[in-house]
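Report on the following structure.
The values are calculated or read from the model by the stated rules, or taken from the named source; none is laboratory data. Here the structure is a predicted model, which is why all the values come from computation and not from measurement. Please note: Cβ atoms are built from the backbone with ideal geometry, for glycine as well, and neighbour counts cover all protein chains shown. To get the accessible areas, we keep the full protein, side chains included, count just its heavy atoms, and leave off ligands, DNA and RNA. Shrake-Rupley method; radii C 1.70, N 1.55, O 1.52, S 1.80 Å.
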Amino acid sequence: MNKIFETPLYAYQRSPDQDAATPVRHKAIVVGAGPVGLAAAIDLAQQGIAVVVLDENDKVSFGSRAICFSQRTLEIADRLGTGRQMVDKGVLWDAGKVYFDDRQVYEFNLQPDTGYANPAFINLQQYYFEDALVARVRELQAAGAPIEIRGHNKVDAIGTHDTHVALEVDTPEGPYNVEAEWLIACDGASSPTRRMLGLDFEGRVFEDNFLIADVVMEADFPSERWFWFDPPFNRGQSALLHKQPDNVWRIDLQLGWDIDKEHEKRPENVIPRLKAMLGEDVEFDLEWVSIYTFQCRRMDRFRHGRVLFAGDSAHQVSPFGARGANSGVQDTDNLCWKLKLVIDGQAPELLLDSYSHERVQAADENITNSTRSTDFITPKSEMSRLLRDAVLDLSEHYDFARPLVNSGRLSTPCTYTGSSLNSADALNGPEVTRPGAACPDAPLGDEFLLPKLAGKFTLLTIDADAPDRIEEGGIEATRLALSVKDDLTLELKRRYLGGATSAVYLIRPDQHVAARRDNYEENAFRQAIRRATGKE
Amino acid sequence: MTDLILTPNIDNADDFYAGLLSVHEGLDPAQSDALNARLVLVLANHIGNSEVLAQALDAAALKGR
Ligand SMILES: Cc1cc2nc3c(=O)[nH]c(=O)nc-3n(C[C@H](O)[C@H](O)[C@H](O)COP(=O)(O)OP(=O)(O)OC[C@H]3O[C@@H](n4cnc5c(N)ncnc54)[C@H](O)[C@@H]3O)c2cc1C
């Protein structure tokens with residue numbers, strides 16, 4: 001087994017909090033040092049909010065989990081300071097094959113989408129993703145940032161109050177009490193925080209089991225995504241093969257609900273299936289085998305007073321489309337700037353309700369997408385199977401049917417349509433940048449747009465005038481003045497102007513569009529800032 | 001808004017209908033069902049327009065009739 005699973009990354013150390021006469025109160029405590037909790041903590045610390053992360057463990061999350069990270073996640077990781085190294089380590093892929101029954105129905109080559117600093121997605125083991133975030137925490141600590149991870153600190157009891165949250169934390173040296181003004185629960189799908197607060201986790205849509213096998217192949221196996229519908233070696237189910245760094249290939253075999261897990265996991269049952277997938281004479285080593293169960297559900301609301309839920313604790317989706325960790329990281333992107341403004345007294349607590357509204361919308365979108373994939377992969381009725389098979393048969397002969405083949409839709413950022421933070425659209429501009437949308441990247445000569453929008457309110461002007469900064473109720477928006485001439489590839493024009501000749505955008509710290517019009521109108525933008533910070 | 005055509009529009013309707021029957025000749029029910037499913041998808045792709053397709057789904061379900 002991979003030694004990364006055994007290496008303590010944040011070994012238990014006694015904290016002065018454990019010897020305090022009265023419980024120490026922190027600004028923010030994050031429960032859980034998975035990808036989501038780590039991202040939240042780094043984001044807060046980078047904004048100067050003191051944060052403590054508590055985890056019952058002291059290592060990367062055990063076993064083989066997420067492998068596919070999307071462009072939006074990488075853009076957020078750039079802001080957190082880890083994007084580059086993740087992309088460098090990750091596997092880029094652009095080709096794949098689709099099999100149905102006993103034959104290949106088509107192969108594809110994705111045209112690279114140009115004009116973005118980051119690829120559409122990378123494959124990277126979740127433990128590398130987490131490892132990079134922990135390294136970033138260490139770097140921030142070395143620079144004096146107020147961030148701390150406490151390993152073997154298990155949250156055992158929670159009390160909620162108007163002004164704070166009280167925690168009882170168990171450690172190898174016994175329990176202690178500690179308090180937080182704000183608690184971010186990133187403690188995973190079986191969230192003890194959720195359970196201890198007696199909160200719901202509803203909406204189970206489907207249940208399934210997957211056999212996850214990671215195999216190491218030294219041979220020159222192509223770095224492609226192969227997907228099988230109803231193959232002879234896994235009748236009535238699906239199978240997926242996908243490359244990860246270090247010559248590791250991920251194999252997902254869908255097993256259905258009613259199975260004998262112990263039987264399926266035995267090497268003598270796993271290996272013949274893998275040979276049927278890879279070819280009889282391909283040499284491989286099994287690095288990891290496990291069986292996972294998936295459900296689709298979410299909490300009713302992600303905010304409960306001073307407790308905010310993010311990641312798997314708030315929502316769970318099926319694995320098709322790689323939405324779990326990706327959406328969790330996007331939760332923190334949405335949450336942290338809002339929490340910063342609330343902690344600094346620059347925005348009302350109400351702003352945090354918009355976190356719940358916006359990310360519930362995103363969770364529903366993810367659940368819808370992954371449910372549609374599931375319905376295609378595992379048809380639920382005779383007619384559903386008939387239509388699915390018709391799509392696959394046609395896809396062998398005609399291009400038109402290929403977009404209907406649904407083996408998982410790549411996670412794309414949610415556009416928060418209808419969010420109370422948006423102002424009415426006042427630009428005859430492209431759909432992709434309407435209020436609520438995540439700003440698409442665009443090239444600017446040797447540089448890119450998104451890093452210039454990070455972490456603060458921005459007035460993006462394109463061939464339009466505006467003051468260099470405006471301040472409204474303590475919130476400052478600074479201008480980024482661009483011209484369509486700054487991008488000879490014309491992506492900036494295509495993505496931000498469309499039919500318009502000039503534009504002014506108000507962009508939130510999480511790089512989502514709050515408002516846009518064709519020119520600067522002071523009152524409109526002042527109002528837009530108030531709306532975007534929950535004051536109107 | 002584009003409207004679904006629900007007035008006679010097929011060139012040589014009898015020829016088309018005979019052709020539709022003939023592609024099913026010699027097929028067992030499962031093969032015929034599969035062919036029909038493929039035909040629906042081929043035609044849907046030709047139409048493309050989502051408004052027309054939505055109206056076609058309703059028309060076939062005899063909604064509002
Ligand atoms: C096989 C598989 C494939 C997947 N593929 C993808 C993919 O390709 N892309 C993708 O985006 N997602 C994928 N996912 C989903 C992804 O792994 C999860 O969404 C992600 O790990 C969620 O992160 P999290 O931080 O919310 O929770 P977790 O990673 O579950 O972390 C929760 C943390 O909380 C800690 N904790 C729990 N209870 C306590 C307590 N009482 N006190 C203190 N700490 C506690 C745990 O120790 C743990 O570290 C996949 C998942 C699986 C299983």
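To one decimal place, what orientation-averaged projected area in nm² is obtained for the convex hull of the Cα set of segment A:261-366?
Over all viewing directions, segment A:261-366 projects a mean Cα-hull area of 9.2 nm².
How many Lys pairs in segment A:370-526 lie less than 23 angstrom apart by Cα atoms, where the lysines are 8 or more positions apart or on different chains?
4
Pop a pseudo-label 7 angstrom from the Cα along the beta-carbon direction at both B:HIS24 and A:GLU431 and give the gap in nm to one decimal.
Between B:HIS24 and A:GLU431, the simple spin-label model gives 3.7 nm.
How would you classify segment A:431-532 from its alpha-carbon gyration tensor, with a ≥ b ≥ c the square roots of the eigenvalues: rounded for a/c under 1.5, else prolate if a/b is greater than b/c, otherwise oblate?
It is prolate, given that a/c is not under 1.5 and a/b is the larger ratio.
With θ set to phi - 60°, apply the Karplus curve 6.51 cos²θ - 1.76 cosθ + 1.60 along segment B:15-30 and write out the HN-Hα couplings as whole Hz, x wherever there is a Gly or Pro.
In residue order, the calculated couplings are 5, 4, 5, 4, x, 4, 5, 5, 5, 8, 4, x, 8, 7, x, 5 Hz.
Taking each residue in B:32-38, count the Cβ atoms of any other chain within 10 Å of its Cβ, then average. What number comes out?
Partner-chain Cβ atoms within 10 Å, mean over residues of B:32-38: 5.
Given the C-alpha centroids of segment A:337-376 and segment A:88-104, what is the distance between them in whole angstrom?
32
Which of the peptides A:35-47, A:507-519, B:34-46 is most tightly packed, and how do the rest follow, judged by the mean count of other Cβ atoms within 10 Å per residue?
So the order, starting with the most tightly packed, is A:35-47, A:507-519, B:34-46.
For segment A:431-532, give the share of DSSP beta bridges that are antiparallel, in percent and rounded to the nearest 5; count only bridges with both residues there.
If I count the DSSP bridges inside segment A:431-532, around 75 percent turn out antiparallel.
In terms of modelled amide H atoms, which long-range or inter-chain residues lie less than 5 Å from the amide H of A:GLN244?
A:TRP249, A:ARG250
Let me make sure I get this right: for chain A, a, b and c are the square roots of the gyration tensor eigenvalues over alpha carbons, sorted descending. Under 1.5 in a/c it's rounded, otherwise prolate if a/b > b/c, else oblate. Which is it?
oblate
Using the heavy atoms of the protein chains and a 1.4 angstrom probe, tell me the accessible area per residue for the protein assembly as shown in square angstrom.
Values: 26800 Å² over 601 residues.
In whole numbers, the protein assembly as shown has 45 Å² accessible per residue.
In sequence order, what are the phi-derived ³J(HN,Hα) couplings for segment A:252-259 according to the Karplus relation 6.51 cos²θ - 1.76 cosθ + 1.60 with θ = phi - 60°, rounded to whole Hz, with x for glycine and proline?
10, 10, 6, 10, x, 8, 9, 9
Extending each Cα 7 Å along its Cβ direction at B:LEU39 and B:ASP3, get the distance between those two points in nm, one decimal.
According to this spin-label approximation, the distance is 2.7 nm.
How much accessible area is lost when chains B and A come together, counting both sides, with a 1.4 Å probe, in Å² rounded to the nearest 100?
Numbers: alone 5540 and 21940 Å², together 26800 Å².
Interface area, both chains combined: 700 Å², rounded to the nearest 100.
With each label point set 7 Å from Cα along the Cα-Cβ vector, what nm distance links A:ASN177 and A:LYS3?
Placing both labels 7 Å along Cα→Cβ, they lie 4.4 nm apart.
Using the per-residue mean of other Cβ atoms lying within 10 Å as a proxy for protection, in what order, highest first, do the peptides A:67-74, A:155-162, A:23-30 fall?
Going by the mean number of other Cβ atoms within 10 Å, highest first, we get A:67-74, A:23-30, A:155-162.
For segment A:1-150, what is the percent of antiparallel DSSP beta bridges, rounded to the nearest 5?
Working: 10 of 18 bridges.
Restricted to segment A:1-150, the bridges split so that about 55 percent are antiparallel.
To the nearest Å, what is the center-to-center distance of segment B:17-55 and segment A:462-493, using C-alpha atoms only?
Result: 52 Å between the Cα centres.
Run through the DSSP bridge list for the protein assembly as shown and note the antiparallel percent, rounded to the nearest 5. List each step's numbers first, then the result.
Working: 69 of 99 bridges.
In the protein assembly as shown, approximately 70 percent of DSSP beta bridges are antiparallel ones.
So how much slack lies between A:ASP353 and A:ARG266, counting 0.36 nm per residue of separation and subtracting their Cα-Cα distance, in nm?
26.6 nm
Could you go through segment A:466-481 in sequence order and give the Karplus-derived ³J(HN,Hα) for each residue, using 6.51 cos²θ - 1.76 cosθ + 1.60 with θ = phi - 60°, rounded to whole Hz, and x for Gly and Pro?
5, x, 5, 8, 10, 10, 9, x, x, 9, 9, 10, 9, 7, 10, 9
Starting with the highest mean, order A:453-466, A:321-334 by the number of other Cβ atoms within 10 Å, averaged over the residues of each peptide.
Top to bottom by mean Cβ count within 10 Å: A:321-334, A:453-466.
Can you tell me how chain B classifies by the Cα gyration tensor, rounded, prolate or oblate, using a/c under 1.5 as the rounded cut?
On the way: a/c = 2.05, a/b = 1.58, b/c = 1.30.
Prolate.
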